[in-house]
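What follows is a single structure, written as structure tokens, with notes after it.
The values are calculated or read from the model by the stated rules, or taken from the named source; none is laboratory data. Remember, it's a predicted structure, so these values are computed and weren't measured experimentally. When we count neighbours, we look across all protein chains shown, and the Cβ atoms used for this are built from the backbone with ideal geometry, even at glycine. Heavy atoms of the whole protein, side chains included, go into the accessibility calculation; ligands, DNA and RNA do not. Shrake-Rupley method; radii C 1.70, N 1.55, O 1.52, S 1.80 Å.
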Amino acid sequence: MSVVIGTERKSPKYRIFYSLLIIVLSVGVIIQVFPLIWMVASSVKDSSEIFQMPPRLFAKNPNWQTYKDVLSLLPVSRYFLNSIIRVAGVIALQVSTSALAAYALSHSNLPGKKGFLLFFLGTMMIPFEIILIPTFLLLKNMGLINTFWGIILPFTAWGWSLFLLKGFFDGIPKDLLDAARIDGASEFHIFARIIVPLSKPVLAVVTLMTFLSVWNDFLFPFVVAPQEKMWVLMVAVFNIQNSAVVPWNQIMALLSLCTIPLLLVFLFCQRYIVEGITMTGLKG
């Protein structure tokens, strides 16, 4: 078998396909990364230089003072704090509730659990814009407008994370859990001491996807938390851009600062993500 595969890799058709694949992927990477490079490069330009024609990618004289001006003129630390509080709250509640629910649906004798799973999967088919107004009215009646609870609680359940975690938990041998039950371990002990340590890769993926979704979210916090003291970064960027007071190079600098936490979280979770991709699952 290995001889056949080795022969296929040395064939001219395979080399041509592999070369074309590398070219296509390289072009795709350039297309994806170019807006990020343009954003960072524009942050150190003068405002007039950003819109000059023909456009220039890099500034003649980079002005890093722009970042200092942004941090001194705008309450950026407050915007970051609001975003971090919201993201941390959503991740803590969503990952824990999704993991517990997935464990119950995967390794329990809960009656009608297939119906529950279909219900949660059905929620993924409903666009969030449809339930935005009912959610706003509900939070208003509860007095949660312009509060952290108002922008955290509606995101504590996500059908996608539940589905992903359940699929991973299904691959954990039931004999391993039965052995723990025979030794007198409670269900919570099994979940905390066996399921969670074995599920670090998939939990890292769920954490990363939740972080990206919540950190980049604009519409919901814009509607539910419109007061300036509650602005998260995406809402702050939108309102600052529309104010026509802050120059574009400072807006680009603020956007560049917004990407730093995304890069840090990705670098932190990268090892677990690669591990989750390469794992083929546990066999019972």
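Residues that are basic (Lys, Arg) and open to solvent by less than 30 Å² (accessible area, probe 1.4 Å): list the helices (runs of 4 or more DSSP H) wholly contained in the stretch 101-159 that include at least 2 such residues. Before you say what the answer is, go through the steps one by one.
On the way: elements: 113-123, 128-141, 148-152.
Correct list: empty, since no element meets the threshold.
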Out of the residues in the stretch 179-192 that are over 24 Å from residue 97 (Cβ atoms) and open to solvent by 70 Å² or more (accessible area, probe 1.4 Å), which is modelled with the highest pLDDT?
-> 182
Out of all the residues in the stretch 15-64, which are open to solvent by 70 Å² or more (accessible area, probe 1.4 Å), of a type outside the set (Phe, Trp, Tyr), within 18 Å of residue 257 (Cβ to Cβ) and assigned to a loop (DSSP other than H, G, I, E, B)?
-> 62
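Matching residues to (1) of a type in the set (Phe, Trp, Tyr); (2) at pLDDT 85 or above:
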{"residue": "20", "(1), (2)": "no, yes"}
{"residue": "28", "(1), (2)": "no, yes"}
{"residue": "43", "(1), (2)": "no, no"}
{"residue": "48", "(1), (2)": "no, no"}
{"residue": "58", "(1), (2)": "yes, no"}
Kindly indicate whether residue 231 is at pLDDT 80 or above and buried (at least 19 other Cβ atoms within 10 Å of the Cβ).
-> yes
Residue 212: passes all of (1) at pLDDT below 90; (2) under 19 Å from the mean Cα position of the chain (by Cα); (3) buried (at least 16 other Cβ atoms within 10 Å of the Cβ); (4) not aromatic (Phe, Trp, Tyr) but (3)
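Is it fair to say residue 222 is at pLDDT 80 or above and either open to solvent by 10 Å² or more (accessible area, probe 1.4 Å) or not charged (D, E, K, R) (or both)? If you could, list the steps in order and put the result at the bottom.
On the way: at pLDDT 80 or above: yes; either open to solvent by 10 Å² or more (accessible area, probe 1.4 Å) or not charged (D, E, K, R) (or both): yes.
Yes, satisfied.
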